[in-house]
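The structure appears below as structure tokens.
We did not get these values from a lab; they are worked out from the coordinates using the rules stated. These figures come from a predicted structure and were not determined experimentally. Positions of Cβ are backbone-derived with ideal geometry, glycine not excepted, and every protein chain shown enters the neighbour counts.
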Amino acid sequence: MDRNTVEPQVETVPGQRAKRWAEYHHQFAAPSTYVYEFVWDTSADAIGPFCTDVDGNVLLDFTSHVAAAPLGYNNPHLREKLEAFDLVDPSKIAGQDFYVSNGGSPTDTDLPGPSQLMDRLLETVGQYDMDRVFLSNSGAEAVENAIKICYAGGGHRAFTFDGAFHGRTLGALSLNRSKAVHRTGFPEVPGVVALPYPSTDEEYETNWRTDGPGGNVLADKLHPERGVIDPDEVAYVILEPIQGEGGYRPAHPAFARDLEALRHRYDLRVVADEIQSGIGRTGELWAVDHLELTPDVITSAKGLRVGATISRSDVFPEEESRISSTWGAGDIVGALQGALTLEVLQETDVLSNVRDRGEDLRARLEDEVDVRPELLEVRGRGLMLAVEFDTKARRDDVLEAAFRRGLLTLGCGYKTLRLLPPLDVTAREVDLGMELLCEAIDEVTSTA
Ligand SMILES: Cc1ncc(COP(=O)(O)O)c(C=O)c1O
């Protein structure tokens, strides 16, 4: 498959084999978040955003496995190192909460493991004085450990935001405010208060600007005389710099500045959940880098392939065994892949590609919003972009029609369609994606 010339080619999706694989899967799998019957054939050709499904259809993947494959399929840099890794000895893939080496010197190794992954991660957060990482297996665990270390530092109250999504373990889901299905009926960590999340100017003016009609909601709650929460009781404020599940809503920059001021005034700990928005997705390594806000803790996963809770030594508890995991660092292959992904982001111009291609894709989507009444607005940053439809049914139909044409996309929020091409997406691939998306919208709107 030549990345420079390959084009999506679809006979029928889902084809007979895909249906058979999905059917087989569902004989055993508990109901979860299955999107549609895209069954990737790992033994067939794939490169960048192009992959082959089990029926031989060639698809253009603008989901990057929900941001978990930031460099797309078969990135040559990752591929070369992963192939060099000898997985024959099973002891190499067990017991990750210990030290791992591959011989030689830890600071000069070709095959980075969990320690080198942490070293590289800390290079990306020097501006926040962060110097420690705790590795785990998933995003939810990264969040779970983030809030644990904050609770360990004191306080039993916490702030989250309307529209938030932080994972599905009991601690993390207590912070969710995007969909009832995540939380209904499950016991929750007590003391979590949800605040409005300002993304638009209007939302900022209404609830966050100190002299706006509603005042600054957080300042009011913490106010020494009028407030209802003692700032000393607050363990953390957790936010996504760009809300993912909640509909690709970026935090308003003035809100971030105000939050920073309150962080200083009351010595609050701010947790930036970068599980979807981090690892270069927005054109900076971390989405919070775009804001005038200093995170005390950053959570990462997905594109990193393992979970990571990143912070300062003074935030992590000192006692041993306070946090731990048998499978900390996921597995060695995951840690290797995460470290190599960071290597590509730090040592090539892929971040500027995210900015350039992101602006291009955004402008193209905005042009469509201008001429199509069914499209309401474009949101997001870099290559974390979404377009909001007038109805949920239309969004769902477009997603389906795009799939039938060979373009993989995802929903988020209530009636929003999100696009997450690989970070090294090319101009030609953006053209192809836009062509298929527009054809899908044409089909859906002409049928309607
Ligand atoms: C912002 C955010 N936080 C946490 C999570 C949970 O990550 P995981 O599914 O790896 O547990 C997600 C997953 O989509 C996410 O987008």
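Would you mind getting me the FRET efficiency between residue 320 and residue 428? Use the beta-carbon distance for r and R0 = 41 Å, nearest 0.05.
It comes out at approximately 0.20.
Short version: ³J(HN,Hα) in whole Hz for each residue of region 44-55, in order, from phi by Karplus 6.51 cos²θ - 1.76 cosθ + 1.60 (θ = phi - 60°), x for Gly and Pro, what are they?
Per-residue couplings from phi come out as 9, 4, 7, 7, x, x, 9, 9, 10, 8, 5, 9 Hz.
Computed over the Cα atoms of region 90-347, what is the convex hull's projected area averaged over all directions, in nm²?
Average of the hull's projected areas for region 90-347 equals 14.4 nm².
If packing is taken as the mean number of other Cβ atoms within 10 Å per residue, what is the order of 248-259, 123-134, 414-425, highest first?
Most protected by this proxy first, the peptides run 414-425, 248-259, 123-134.
Hey, any idea what the orientation-averaged projected area of the convex hull of region 211-365's Cα atoms comes to, in nm²?
Computed as one quarter of the Cα hull surface, the answer is 12.3 nm².
As a quick test, which of the pairs 221/415; 148/302; 221/302; 179/392; 81/148; 19/179 have an alpha carbon distance above 25 angstrom in this structure?
Correct reply: 221/415; 221/302; 81/148; 19/179.
If packing is taken as the average number of other Cβ atoms within 10 Å across a peptide's residues, how do 387-394, 158-165 rank, most packed first?
158-165, 387-394
In whole Hz, what ³J(HN,Hα) sequence does region 200-215 give by Karplus (6.51, -1.76, 1.60; θ = phi - 60°), x for Gly and Pro?
Whole-Hz 3J(HN,Hα) from phi for region 200-215: 8, 4, 4, 5, 5, 4, 5, 10, 10, 5, 3, 9, x, x, x, x.
Please work out the Cα center distance from region 195-227 to region 367-433, rounded to the nearest Å.
What the calculation gives is 32 Å, centre to centre.
Just to confirm the filter: which chymotrypsin sites (Phe, Trp or Tyr not before Pro) across region 1-67 are DSSP coil and have at most 12 other Cβ within 10 angstrom of their Cβ?
Here the chymotrypsin sites (Phe, Trp or Tyr not before Pro) that fit, given the DSSP loop and packing criteria, are 28, 34.
From the Cα trace of region 40-174, what convex hull volume per residue do you get, rounded to a whole Å³?
Here the figure is 195 Å³ per residue.
In Å, what is the Rg of the alpha-carbon atoms in region 303-448, and how long is Dmax?
My reading of the Cα-based Rg and Dmax gives 19.6, 64 Å.
For region 196-266, what is Rg from Cα atoms divided by 2.2 N^0.38 Å, rounded to two decimals?
1.11
Determine the relative contact order of the chain: mean sequence separation of Cα pairs under 8 Å and six or more apart, normalised by residue count, in whole percent.
Taking the mean separation of contacting Cα pairs over the length of the chain, I get 20 percent.
Find how many whole Å separate the alpha carbon centroid of region 330-361 from the alpha carbon centroid of region 252-322.
Using only Cα atoms to place each centre, the spacing works out to 19 Å.
Pairwise over distinct Cα atoms, reciprocal of the mean inverse distance: report the Kirkwood radius of the chain in Å, one decimal place.
Here the Kirkwood hydrodynamic radius works out to 22.9 Å.
Quick one: pull the percentage of alpha-carbon pairs in region 137-276 with a separation above 25 Å.
Cα-Cα pairs in region 137-276 separated by more than 25 Å: 23 percent.
Output wanted: per-residue J couplings in Hz (rounded whole) for region 286-300, from phi through Karplus 6.51 cos²θ - 1.76 cosθ + 1.60, θ = phi - 60°, x for Gly and Pro.
10, 5, 5, 4, 6, 10, 8, 9, 9, x, 8, 9, 10, 10, 9
For the chain, set up a GNM with springs between Cα atoms under 10 Å and report which of 19, 148, 302 has the largest fluctuation.
Among 19, 148, 302, the largest GNM mean-square fluctuation belongs to 19.
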